[in-house]
Every structure is written in C-alpha cells, then in structure tokens.
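One structure below.
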Amino acid sequence: MNLSALKFRDFRIYLAGNLFAVNATWMQRVTIGWIAWDLTSSATFVGFIAFVNFAPAMVTGPLFGVLIDRMRITQVAKLTQLLLLTISLGFYLFFTFRFLDEILLSFLSFLSGLVTSAYNPVRLSLAPRLVDRTSVASVVSIVAINFNLARLTGPAIGGWLIAGWGISSALLVQTVCYLPFIFTISLLRPRERSSSTTENEPFIAALQNGIRHALSNTLIRQAFLVTVLYAFLIRGTLEILPVIADGVFSRGATGLGLLTSSAGFGALVAGVTKAFTPSQMTGELPKFALANALLGIGLLPLIGLSSSWDLTLFCISYLGFSGTLAGISVQTAIQMDLDDDFRGRIMSLWTMASIGATATGAIILGGLTDHIGISLALSFAGGLGTVLLATIVLRAR
C-alpha cells in the first residue's frame, strides 16, 4: 500500500482537518437534496438544485484555476472555507426562521457552488504541494480515501440527524464542522512553485496556455472524455437519489441517507482498492478502472427497473465504487503528468469537466424521470452510455 504521503507532517495535518470539512460537504448535499424533494416532490427540481450547485464550476472554475497558480494557496484555501461556513450558516438561519423556499434554496445552492468552484483547484493543488513529487500518487489515493470515508459517514449522519432531530440540527452540525479545517490551514507550509512565470503572465494568456496544454496532451484529452461520460451518467444518477429513496421506495430521509452512504461505502472501497494496488504507471489510464466504469454504467437500467431495496442498495454501492475508481485513476494519471506551474489550471479544467457533466446529468436525468419514468430514463442512459464509453476506450487503444 502506497502510504508515503503520510510521512509528511503538513499532509497529516491537512488530512485530519479536511475530514471535518468533507463530512460537512456530504451532510449538506444530502440535507439540501432532501429539502428540495420535501418542498416540491419533483425529480426535476431535485436535479435542478444539483445543477445550480455544480454549474458555476463550468464557467468560473478555469478562471479560479489561473488565480490559484499565481496566489498564496493557503490564503485562498482559508478564505473559501470561511465563505462556505457563512453560506452553511445562511442555510441554517433561513430554514430555522422559515424563509427557505424554492427560490432562496436555489440561490444559496448557487452561491455554495460558486465558492466551491474556487475551492476545487485549491483542493487539487494544495495537497500535492505538501509532499515531495515522488509521493503525489500516494496523495491522490489517500485524499480519495479520506473524501470517500466522509461520503460514507456524512450522509448517514445527515439522514440520522434529519430523522431524529430535524433539518435545522443537521444544518447546524455541518456548519460547525467547517471550523477545524479552517484552523488547520493556518499550520500548513506548502512547497513553493518551481517558477513564477505564471504570475507575470497576462491573465487571459495564462488561461489560454492552460487550455492549450490540456488539448495538446493526448492523455489529458482521453482522461477528460472518460470523465465527462462517467460523471454525466454515474454521478448524475447519484444526484437524484432522493427520487429513488422516497419517490420509488417511500423510505424518506433515512432511506436517502442509506442510499447515499451505500454509494459512499462503494467509493471508500474503491479508494482502498486503489491504494493497495501497484502504483499506477505514468502516461496511461488503467484498464481495470475503465472496465469498472463501463460495468457501472451498464447497471443503470437494473437500478431503474429494480423493485428490491436490497438490490438497489447494492447497485448504488457499485456505482459509487466504479465512478470513484475511475475518478481516482483519471486524476492520478493527470496529476502525475503535471508540473506545479500548470496544476491549478489543468485540474480546474478537469473539475469543470467532471462537475459540469454531473450537473448536466442530474438535471437531464431528473427531467427524463418526471416525463418518462425512472425505469425508461435510466435504461436509455445506461444503454447509450455503455456504447459511448466502449467506443472511447477502443479508439484510445
């Protein structure tokens, strides 16, 4: 198991503080998804809330990526976390005082997505700079385990709090969870960038150079195509879980927490699997990860047709596994191929592709579910996606 990144003090501190923040993120996602479903009982609106939360990353993410490559990364990290805490507090106050309607929920979700689009390139650039270059692959795997452990615990805690103490309690707890990470950021001393060329470059030129680098690199192009497809179908499906939990099985907030945690469990297993497998070779997308993504997409029709709660839990868990294994493998391939001077820009473009596809998948799959039913919607998506991903893999070979 590649745990070389844990030898570094700053990375260990980052990991401990970040666990609280990512738990807050997953608690908020399940809570906001439940509020959207509870307000409207509409799959389209649930998908829309996911879309407005992710949409800013499609526009502002690359712009923030340029800024990250020319600013002090710890200052930006602390600022974005403070803003996320403030927005989370806004969710709590507006809900507690009964002001949180569909419009305000959409607005706050958009604000949260806008700040997150700034934090994403920070997150993907900061951790690799807390270790030496030989441990970057280890960082990706360990951070993925940390993230997906929270993906398992956060929704379960959120659903448990909603069912036992109400939505206000869940919103308050997730707000408090941002505080430890904000404190630990002050203790970090990231590695300096190798040069200051980007800082002296005109903003638009720096952005264009980042895009040009991504388009000219065959590996990065292939990685982006695979990312768009699995994010649209697998992660898009995971964003409309309230529809499956309550609309299909009538399991309420507790069922939503279980489904989301099942996806988190599968994702956690994927992270551990990736950490225990031999180190990834530079310059390639692992075939095992691509095959699992293909199988995950192929399971979508079964989820749509399933009337068994246990079978659905298993399938959702496998979606979490396959999507995360593909995501870690793709991100590792890109990160191992990058210099620090390009890391913020390229990873912000990758995040834009991933989140943008997830957002689009959520709103399209949600709309299809309302119009033709979840069985037909997921059957159509799974069949088409299997053909497209198989085509990409064959062409890459």
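Okay, residues lined up against (1) farther than 17 Å from L256 by Cβ; (2) modelled with pLDDT under 80; (3) in a helix (DSSP H, G or I); (4) of a type in the set (G, A, S):
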{"position": "Y119", "(1), (2), (3), (4)": "yes, no, yes, no"}
{"position": "S125", "(1), (2), (3), (4)": "yes, yes, yes, yes"}
{"position": "V140", "(1), (2), (3), (4)": "yes, yes, yes, no"}
{"position": "V143", "(1), (2), (3), (4)": "yes, no, yes, no"}
{"position": "R151", "(1), (2), (3), (4)": "no, yes, yes, no"}
{"position": "I157", "(1), (2), (3), (4)": "no, no, yes, no"}
{"position": "W160", "(1), (2), (3), (4)": "no, no, yes, no"}
{"position": "L171", "(1), (2), (3), (4)": "no, no, yes, no"}
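Name the pairs whose Cβ atoms lie under 7 Å apart, with the first residue in the range 54-74 and over 12 Å from T116 (Cα atoms) and hydroxyl-bearing (S, T, Y), the second surrounded by 19 or more Cβ atoms within 10 Å (Cβ to Cβ) and modelled with pLDDT of 75 or more, and 6 or more positions between them or separate chains?
Once the first residue is over 12 Å from T116 (Cα atoms) and hydroxyl-bearing (S, T, Y) and sits in the range 54-74, its partners that are surrounded by 19 or more Cβ atoms within 10 Å (Cβ to Cβ) and modelled with pLDDT of 75 or more give T74/I185; T74/L188; T74/P190.
Restricting to the range 289-301, count the residues that are surrounded by fewer than 19 Cβ atoms within 10 Å (Cβ to Cβ) and either of a type in the set (V, I, T) or free of Cβ contacts under 8 Å to residues at least 40 places away in the same chain (or both).
Filtering the range 289-301 down to residues surrounded by fewer than 19 Cβ atoms within 10 Å (Cβ to Cβ) leaves 291, 295, 298.
Filter once more, keeping what is either of a type in the set (V, I, T) or free of Cβ contacts under 8 Å to residues at least 40 places away in the same chain (or both): 291, 295.
Count: 2.
Quick grid of which residues meet (1) within 12 Å of L319 (Cα to Cα); (2) surrounded by fewer than 24 Cβ atoms within 10 Å (Cβ to Cβ); (3) touching a Gly at 6+ places or on another chain (Cβ under 7 Å):
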| site | (1), (2), (3) |
| --- | --- |
| S216 | no, yes, no |
| L225 | no, yes, no |
| L233 | yes, no, yes |
| I244 | no, no, no |
| A253 | no, no, yes |
| L256 | no, no, yes |
| T260 | yes, no, no |
| A263 | yes, no, yes |
| G266 | yes, no, yes |
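Just to check your reading of the model, which residue among R70, R129 is within 28 Å of P190 (Cβ to Cβ), out of contact with any strand residue (DSSP E or B) (no Cβ under 9 Å at 6 or more places or on another chain) and part of a loop (DSSP other than H, G, I, E, B)?
Only one candidate passes the filter, namely R70.
The values are calculated or read from the model by the stated rules, or taken from the named source; none is laboratory data. Since this is a predicted model, take the numbers as computed values, not measurements. Cβ atoms come from the backbone with ideal geometry, glycine included; neighbour counts cover every protein chain shown.
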